[in-house]
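Asker: Shown below is the structure under consideration.
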Amino acid sequence: MEQARFIIAVALSFLVFLAWDYFYNDKKQATKVEQAAEIEQPVKTGAPESGKAIKLQEKDSYVEPAVKTGAAARVITINTPFYSLTFNEKGAAITSFVLSKYRDNINDDSPNKELIPKEVETGTILAGFAGKSVQGLENALFVSDVDSEIIELKEGNKEIRFYWKSPQGVVIEKKYTVNADTYLIGLAVNIINQSHESIKDKLYVSLNSFYTDKSGAYSFEGPSALINNSLEQVKLKDIEEKNTYSGILKWIAVQDRYFMSAIIPKISLETEMHLNLKDKAYLEAQYINPEKEIHPGAHEQVEYNIFFGPKSMKLLGSLGYDLNKSVNFGWFDFLAKPFLYFMNFLYGFIPNYGVAIILLTVIIKLLFWPLGAKSYKSMNEMKKIQPILAEIKEKYGNDKKRMNEELMGLYKTYKINPMGGCLPMVAQIPVFFALYRMLYETIELRHAPFMFWIQDLSAPDRLFHFNFSIPFMEPPYGIPVLTIIMGATMFIQQKMTPAVGDPTQAKMMMILPFVFTVIFVNFSAGLVLYWLINNILSILQQYIISRKTA
């Protein structure tokens, strides 16, 4: 009976876990850390000598931009080994970022992955002022300093500058530095005040993205930031309640299941991230710099790195800036990340992530083998005394106190711990939840083939595709073979488990395999594979222990 209650509790806790993960973010309250000393960016002041250009850098003098009126904005594309990047002179924005090593879907004719949704018509990496002190910047048409509209960059780096001058005489320069060998892009924003009035405002640079209704259904998707060395993830539905987060910001980002874009200031400052969500779908995440005053004839430069790419722990760790902290697997992140590292380690020897998942499952099962053996041994001992338990319940069914006394005496006589079959299994629950999040979100499994019909371990397994809907199943529709086999192994485990005395509980136990099959039908094949292999190993262990204690 205790075993039945435990398994029912596990099923309910599993459903509660999914509901909690959907409705609430795994928010960690920002802990107080030693505050890094605020390093102010220098404000360059003073008017230039008459007739001389303002020096932006030692070797780069400012060039007066041509006035661009009525002309169409040019589109400039740079192709590198890692991505194809498109700039638009309207806003000097990035309007397309296509990854060369990732496809949009598993189909052979699939285009490469585009990281900027088509709904974001303005593009991203837009600059502005929080107090709107420079008029016209929101709709600015910049002038670029390149002649060619298609640039092939196989090695080295390429600088592209965009200039715009306001009616009052304030010049904004955005200089991008694209490197052929990294996903990081340099960005310098220069403000040259050629007006007759000082500018006192907060410069911001924004990330723009678009989310669907199902974004973040099983994992986090939305804006995040590393504030005071602690990860802050903001659910889209929470932005209405709180849209400004302050502290020492190391970076801000917008994420989906597998990819992210980020703004990384060269110098971490005490500042803030401001979020705007329009129509519950269009997101603007602003990195807002501290307020500066730029006098007439002076200029100010702010430098960043920009990242667009996959949420690969290995890649993000190699780039620095603690970008790898953007990958978080929830409550049991401390377990999930070692599992991920070890799975990738196994993949290094056997380049098949399906096989790596099987080996990882076997190794975890071996580590928990003693606990499992203790659990199954306790279950078998409980099975032996089931007739006596039934007699006690029948005899003292109307006297709960006396019945409990008799049961405790029985357990003491036979040296049985009624919770002995449950507690070892409880210890394995964190492992499952850690693997659930890791196997669902890790980009290594995206479009990773296993064998036969399973060609994408990150997607639900489907044999054949049907053009009609199936209850409880999300598209694509087909036969979830792996999931059905998994449900069958759960049914076998149920048949091997000692029968409970309560008929109601017995019926509930019989439908649990079906319930879990329905739950898993839309889970990724990698997660179903783990659960299937774990079930098979559990059946084997239960059979061995039953033979020994028979």
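Values quoted throughout were computed directly from the atomic coordinates according to the rules given, and no laboratory measurement underlies them. Because the structure is a prediction, the values reported are computed rather than measured. Don't worry about glycine lacking a Cβ; one is built from the backbone with ideal geometry, like all the others, and counts go over all protein chains shown.
Asker: Give the Cα extents of region 176-280 along the principal axes, in whole Å, largest first.
Answerer: Rounded to whole Å, the extents work out to 52, 39, 28 Å.
Asker: Using 1/(1 + (r/R0)^6) with R0 = 56 angstrom and r between the beta carbons of Leu410 and Lys200, what's the FRET efficiency to the nearest 0.05? Numbers along the way, then the final one.
Answerer: Values: r = 81 Å, r/R0 = 1.45.
According to the calculation, E is roughly 0.10.
Asker: Sticking with this one: With no solvent and one equal point scatterer per Cα, compute the Debye intensity ratio I(q)/I(0) for region 39-317 at 0.07, 0.12, 0.15 Å⁻¹ and report its log10, rounded to two decimals.
Answerer: -0.26, -0.77, -1.21
Asker: Please give the FRET efficiency for Ala130 paired with Ile350, using the beta carbon to beta carbon distance and R0 = 35 Å, rounded to the nearest 0.05. Can you show the working numbers first?
Answerer: Numbers: r = 53 Å, r/R0 = 1.51.
With R0 = 35 Å, the Cβ-Cβ based efficiency is 0.10.
Asker: In 10 Å bins starting at 0, how do the alpha-carbon pair distances of region 219-275 split up by percent?
Answerer: For region 219-275, the binned pair fractions read 24, 56, 19, 0 percent.
Asker: Could you work out the pair-distance distribution P(r) of region 287-413 from its alpha-carbon pairs, with 5 angstrom bin width and percents rounded to whole numbers?
Answerer: Values per bin, smallest distances first: 2, 7, 10, 9, 9, 8, 6, 6, 7, 7, 7, 6, 4, 3, 2, 2, 1, 1, 1, 0.
Asker: In what sequence do Arg462, Arg402, Arg257 fall when counting other Cβ within 10 Å, fewest first? If you can, show how the numbers build up before the last one.
Answerer: Details: Arg462 22, Arg402 13, Arg257 19.
Going from least to most buried by this count: Arg402, Arg257, Arg462.
Asker: What spacing in nm lies between the two simple spin-label points modelled at Asn157 and Lys237, each 7 Å away from Cα in the Cβ direction?
Answerer: 4.3
Asker: Ranking Ile76, Ile539 by Cβ neighbours within 10 Å, fewest first, what do you get?
Answerer: By the 10 Å Cβ count, ascending, the order reads Ile539, Ile76.
Asker: A follow-up question, please. For the pairs Lys132/Lys175; Lys158/Lys235; Lys365/Lys495; Lys154/Lys337, note any where the Cα-Cα span goes beyond 31 Å. Let's see the in-between values first.
Answerer: Numbers: Lys132/Lys175 21 Å; Lys158/Lys235 37 Å; Lys365/Lys495 21 Å; Lys154/Lys337 34 Å.
Table pairs above 31 Å Cα-Cα are Lys158/Lys235; Lys154/Lys337.
Asker: Rank the residues Glu391, Glu444, Glu114 as a footprinting-exposure proxy: fewest other Cβ atoms within 10 Å of their Cβ go first.
Answerer: By the 10 Å Cβ count, ascending: Glu391, Glu114, Glu444.
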